[in-house]
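Working notes, beginning with the structure itself.
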């Protein structure tokens, strides 16, 4: 892939990550609701889901920054590994939510 096309794809990935930022902020505000069923207070999956939801917006900010730094240092693989962090973070949070009690 040429450097120009990689930059274009990185701009699009940055836009998607920054568009997910408000969703992450809303999830952080609503994250204490994970513990509404009282049995979730002792559930380790609930605590992990809580931490993943709180930190998702931080990952949405930090991943594009780190990806652009790696891009400018010509670290192609590391650029895309870092840029995939928000998607993997969201997938992990959704997976952890499936282990919660109703």
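The values are calculated or read from the model by the stated rules, or taken from the named source; none is laboratory data. What you are looking at is a predicted structure, and each value in this text was computed from that prediction instead of being measured. Ideal geometry is used to build each Cβ from the backbone, glycine not excepted, and the neighbour counts take in all protein chains shown.
Couple of notes before you dig in:
- Criterion applied to 12, 53, 33 was being out of contact with any helix residue (DSSP H, G or I) (no Cβ under 8 Å at 6 or more places or on another chain) and within 27 Å of residue 101 (Cα to Cα), and the one residue passing it is 33.
- Checking each residue in region 60-102 for being under 14 Å from the mean Cα position of the chain (by Cα), closer than 22 Å to residue 19 by Cβ and crowded, with 19+ Cβ neighbours inside 10 Å picks out 60, 63, 64, 67, 82, 83, 86, 89, 90, 93.
- Taken over region 1-10, the criterion of being more than 17 Å from the chain's Cα centre (by Cα) and either assigned to a helix (DSSP H, G or I) or surrounded by 10 or more Cβ atoms within 10 Å (Cβ to Cβ) (or both) is satisfied by 3, 4, 5, 6, 7, 8, 9.
- Within region 25-59, tally of residues that are in contact (Cβ under 8 Å) with a residue 40 or more places away in the chain and in a helix (DSSP H, G or I): 10
- Annotation: residue 43 fulfils all but one of (1) surrounded by fewer than 19 Cβ atoms within 10 Å (Cβ to Cβ); (2) modelled with pLDDT of 95 or more; the unmet one is (2).
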